[in-house]
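Student: Provided herewith is a single structure, encoded as structure tokens, for subsequent inquiry.
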Amino acid sequence: MNPIIFASTSSYKQQQLSALGLKFQAVASQFDEFHDATIPAETLSLQLSKQKAQALQSKYPQHWILGSDQVAMTDNSVLLTKPGSKENAVKQLQASRGRKVSFYSAVTLLNNHQKLEACNQTDVYFRDLTDAEIERYVEADNPIDCAGSFKVEALGISLFERIDSNDPTALIGLPLIALGGLLRQIGFAVP
């Protein structure tokens with residue numbers, strides 16, 4: 001079986017996918033990613049996941065292509081994306097403090113004949129963070145390339161009261177429990 005083409009250059013997600021022990025090739029998916037705040041977050045994450053995979057489909061017609069995306073939304077409907085700067089990370093965390101933020105982590109596996117997809121919802125309950133706590137955190141972890149402005153696998157865990165999820169890997173970006181199920185459906189041995 002050909003290696004999976006992973007439509008992502010995210011080092012975080014590549015580390016996660018490596019944990020499943022599969023051969024894969026990470027390839028940048030070139031398309032204009034637009035986060036439309038009028039689309040429900042779960043639908044948007046699935047849509048972006050599928051678009052990332054489809055962008056590579058013609059280049060790799062003999063492979064399974066894995067697309068993934070994560071969309072975060074506060075309980076008052078503020079869409080959170082990758083902040084891109086420390087200033088924006090501080091603003092996002094200020095908007096999240098004392099709130100529930102839902103993260104939708106989607107995966108799509110497709111080839112020329114079949115498409116499978118899954119999405120995991122993880123609810124994160126932020127502590128009522130002070131500005132000083134937020135600024136110290138952003139300075140320490142520099143989460144400018146992370147949806148929601150935190151790294152749960154690092155100091156970001158200190159920002160929360162609790163996390164509700166049926167897949168502890170989903171918050172990092174790839175819902176490995178759901179992905180493992182999809183991979184087994186198409187014939188990959190996991191484990």
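Student: In debye to the nearest 20, how big a dipole does the chain give about its Cα centre with +1 on each Lys and Arg Cβ and -1 on each Asp and Glu Cβ?
Tutor: For this selection, approximately 600 debye.
Student: When N counts the residues of the stretch 92-162, how does its alpha-carbon radius of gyration compare numerically with 2.2 N^0.38 Å, as a ratio?
Tutor: Rg over 2.2 N^0.38 Å, computed on Cα atoms: 1.38.
Student: Mind putting together the pair-distance distribution for the stretch 34-95? All Cα pairs, 10 Å bins, whole percent per bin, short to long.
Tutor: 20, 39, 27, 12, 2
Student: Quick one: pull the percent of accessible area on the chain belonging to carbon and sulfur, 1.4 Å probe, ligands and nucleic acids left out.
Tutor: The value for the chain is 47 percent carbon and sulfur by accessible area.
Student: Give me D for the stretch 142-191 in µm² s⁻¹, whole number, from Stokes-Einstein with Rh from the Kirkwood sum over alpha-carbon pairs, 10 °C and 1.306 mPa s.
Tutor: Estimated diffusion coefficient is 127 µm²/s.
Student: If the cut-off is 16 Å between C-alpha atoms, which aspartates and glutamates fall inside it for K100, apart from same-chain ones fewer than 8 positions away?
Tutor: Excluding near neighbours in sequence, the set is E42, D75, D123, D128, E161, D164.
Student: Compute the distance from the alpha-carbon center of the stretch 94-147 to that of the stretch 1-79, in whole Å.
Tutor: 15 Å
Student: Report the extension gain between A37 and S11 in nm, rounded to one decimal, defined as 0.36 nm multiplied by the number of residues separating them, less their alpha carbon distance.
Tutor: Result: 6.7 nm gained on full extension.
Student: Using a simple spin-label model with points 7 Å from Cα along the Cα→Cβ vector, what separation in nm is obtained for Q25 and R136?
Tutor: 4.7 nm
Student: How big is the Kirkwood radius of the stretch 1-144, worked out from every pair of different alpha carbons and given in Å to one decimal?
Tutor: Taking the inverse mean of 1/r over all distinct Cα pairs, the stretch 1-144 comes out at 16.4 Å.
Student: Using 19 Å as the Cα-Cα cut-off, could you pick out the over-long pairs in K23/K50; K13/K86; K91/K151; K13/K91; K52/K91; K13/K50?
Tutor: K23/K50; K13/K86; K13/K91; K52/K91
Student: Then there's this: Roughly speaking, what is the stretch gain from A154 to R99, that is 0.36 nm per residue apart minus the C-alpha to C-alpha distance, in nm to one decimal?
Tutor: The span from A154 to R99 would gain 17.8 nm if fully extended.
The values are calculated or read from the model by the stated rules, or taken from the named source; none is laboratory data. None of the values given here were measured: they were computed from a predicted structure. Positions of Cβ are backbone-derived with ideal geometry, glycine not excepted, and every protein chain shown enters the neighbour counts. Side chains are part of the model used for accessible areas, which takes the heavy atoms of the whole protein and leaves out ligands, DNA and RNA. Shrake-Rupley method; radii C 1.70, N 1.55, O 1.52, S 1.80 Å.
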